[in-house]
Amino acid sequence: MEKPIFITGSEKKREEVNSILSKFSLENMELDLEEVQSLDVYEIARDKARRAYKKLGQPVVIEDVAFYIEELNKFPGPLIKWMLVTIKDKGIYQIMKNFNNRNAVTRCVVCYFDGKKFSFFTGDVLGKVVDPKNRKAFGFDSIFKPNHLKKTFASLSLEEKNAISHRAIAWKKFEEFFIN
């Protein structure tokens with residue numbers, strides 16, 4: 001099986017993914033791909049993988065992330081990127097701070113496409129939206145505290161985060177699939 005190209009423009013994401021993978025590393029490429037707007041993270045991942053494969057003509061792997069807030073009927077889901085761009089993590093916390101229910105699920109979907117078949121690998125972590133402490137965190141890491149921890153993702157070392165994160169769960173499933 002030919003090793004895929006990881007499609008991402010995020011250096012931070014590339015570093016994190018390659019620190020998760022233990023048996024090989026991935027080369028990455030930034031592609032300017034239109035992104036279908038949908039509340040279905042799998043539809044977004046499938047569409048991005050299909051578009052990337054069409055441009056490159058070789059196997060690709062992409063990642064998409066969603067952040068489902070229970071009290072907001074699972075909003076923003078895959079639209080989390082746009083909330084982080086506009087109101088940032090602090091704005092999300094400001095919306096949630098007066099709600100008793102701050103339960104959230106963070107989901108990472110990795111999609112591998114070889115030109116014939118799409119394969120999906122999902123990682124979920126249950127937690128809560130909390131007051132951001134670490135303002136230099138990646139994405140929503142400063143406002144997400146997994147249920148089984150007393151710290152946010154931002155407060156964890158990279159090794160600690162890679163042992164339990166939604167990204168780590170999904171990418172380890174992909175790695176197992178790819179090796180076998």
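The values are calculated or read from the model by the stated rules, or taken from the named source; none is laboratory data. The model shown is predicted, which means the values in this text are computed figures rather than measured ones. All Cβ positions, glycine included, derive from the backbone under ideal geometry; neighbour counts span all protein chains shown. Note: accessible area is taken over every heavy atom of the protein model, side chains too, but ligands, DNA and RNA are not part of it. Shrake-Rupley method; radii C 1.70, N 1.55, O 1.52, S 1.80 Å.
Taken residue by residue, the range 98-119 has at least one member that is small (Gly, Ala, Ser) and touching a helix residue (DSSP H, G or I) at 6+ places or on another chain (Cβ under 6 Å). Among the residues of the range 134-180, those that are open to solvent by 20 Å² or more (accessible area, probe 1.4 Å), modelled with pLDDT of 95 or more and among the basic types (Lys, Arg) comprise 145, 172, 173. Quickly run through the range 14-43 and pick out the residues that are in contact (Cβ under 8 Å) with a residue 60 or more places away in the chain and surrounded by 15 or more Cβ atoms within 10 Å (Cβ to Cβ). Answer for the range 14-43, where residues must be in contact (Cβ under 8 Å) with a residue 60 or more places away in the chain and surrounded by 15 or more Cβ atoms within 10 Å (Cβ to Cβ): 16, 17, 19, 20, 21, 41, 42. Looking for something assigned to a strand (DSSP E or B) and under 14 Å from the mean Cα position of the chain (by Cα) - is there at least one such residue anywhere in the range 151-169? Taking every residue of the range 151-169 in turn, none turns out to be assigned to a strand (DSSP E or B) and under 14 Å from the mean Cα position of the chain (by Cα).
Within the range 78-90, residues that are open to solvent by less than 70 Å² (accessible area, probe 1.4 Å) sit with their Cβ atoms under 7 Å from residues that are polar (S, T, N, Q) and not in a helix (DSSP H, G or I), at 6+ positions apart or across chains, in these pairs: 78/38; 89/142. Could you list, ordered by first residue, the pairs with Cβ atoms under 7 Å in which the first is in the range 144-171 and more than 17 Å from residue 109 (Cα to Cα) and the second is open to solvent by 30 Å² or more (accessible area, probe 1.4 Å) and assigned to a helix (DSSP H, G or I), at least 6 apart or interchain? Hits for this filter: 146/164; 158/19.
Condition check ((1) in contact with a Phe, Trp or Tyr (Cβ under 8 Å, 6 or more places away or on another chain); (2) open to solvent by 10 Å² or more (accessible area, probe 1.4 Å); (3) without any contact (Cβ under 8 Å) to a residue 24 or more places away in the chain; (4) part of a strand (DSSP E or B)) across all residues:
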| residue | (1), (2), (3), (4) |
| --- | --- |
| 99 | no, yes, no, no |
| 105 | yes, yes, no, yes |
| 115 | yes, yes, no, no |
| 120 | yes, yes, no, yes |
| 124 | no, yes, no, yes |
| 128 | yes, yes, no, yes |
